[in-house]
Amino acid sequence: MNHPFSNHKQIGVVTTFSELIQTEFSGETNALCWYRNLDGDFKEIVDQLQVKENITVVEPKDLLALQLSKKGAIAREIILNDLQLLTDFGAAPVLNLLKCYERDDAFDFISTDVYSYHVDRSPIATDTFLCTYHGATSDIIANELATQKILIPEIREQLKALHDGPMEEFDAFLKENYFDLHYQALPHAKPINLGLGQLWRLAVDHPTQQVPPCIHRAPIENEGEYRLLLIC
């Protein structure tokens, strides 16, 4: 099978949904990709959906209400099937029509929004699933090619000043404000783009996880173009 991810040891590639959910993360592999070349016109769906705010949740009934061409109907069937597969698995997938995410500009020395490289944390044993059907697509990066921002000396000093409390509470402060989830890519690091139509499963940070959590970021949206993204 020809795919662009064969040279990346952090990515495992599978050919079915059941493989995607059953394959264990191990070693350096903390991202799994159900690789597929999707047919169908996803742009037609995006063009017909009503954008209500920066992030609009699209329900299955919204998709079913659209009058679509044959290609558009194929795309709709793929999305509905992905939603059903994940729901049957026990996940809670959401389909978003995205204009943009909220920016975090509270501090000029550290960003904690999804455009910054970050990992997801969960109190329960779960993973992040995502698939972009249309628009700009997310990046991941190998863990050894990024540094946790709270370990970068100049950022750490500014966080200590911001904390302004006892040092024994500093780590808790970093965690409570999600500063510890964010990473900075090394200068020579090359991000791996997740591409359109692939359904991904990314390792998250939780106590029973056997591998490091997958570092990823949301893309800057293309001018005048919406993203259609499934995530859970």
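Key figures
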{"item": "Alpha carbon convex hull of the stretch 1-137, projected area averaged over orientations, nm²", "result": "10.8"}
{"item": "Degrees, to the nearest 10: 153-163 long Cα axis against longest axis of the chain", "result": "80"}
{"item": "Cα shape, the stretch 145-207, gyration tensor, a/c 1.5 rule", "result": "oblate"}
{"item": "Heavy atoms of Leu64 accessible to a 1.4 Å probe, total area in Å² rounded to 10", "result": "110"}
{"item": "Degrees, to the nearest 10: 70-89 long Cα axis against longest axis of the chain", "result": "50"}
{"item": "Those trypsin sites (Lys or Arg not before Pro) in the stretch 1-92 that DSSP places in a loop and that have at most 12 other beta carbons within 10 Å", "result": "Lys9, Lys52"}
{"item": "Cα gyration tensor shape for the stretch 1-42, rounded if a/c is under 1.5, else prolate or oblate", "result": "oblate"}
{"item": "Count of Lys pairs (Cα-Cα under 22 Å; at least 8 positions apart or interchain) in the stretch 1-138", "result": "10"}
{"item": "Overall form of the chain per C-alpha gyration tensor (a/c, 1.5; a/b vs b/c)", "result": "prolate"}
{"item": "Share, in percent, of DSSP beta bridges within the chain that are antiparallel, nearest 5", "result": "85"}
{"item": "Among beta bridges that DSSP assigns inside the stretch 1-108, antiparallel share in %, nearest 5", "result": "55"}
{"item": "Span from the the stretch 54-94 Cα centroid across to the the stretch 182-232 one, whole angstrom", "result": "21"}
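The values are calculated or read from the model by the stated rules, or taken from the named source; none is laboratory data. As the structure is a computational prediction, the values presented were derived from the model and not from experiment. Glycine gets a Cβ as well: all are built from the backbone with ideal geometry, and neighbour counts include every protein chain shown. Please note that ligands, DNA and RNA were not included when accessible areas were found on the heavy atoms of the full protein model with its side chains. Shrake-Rupley method; radii C 1.70, N 1.55, O 1.52, S 1.80 Å.
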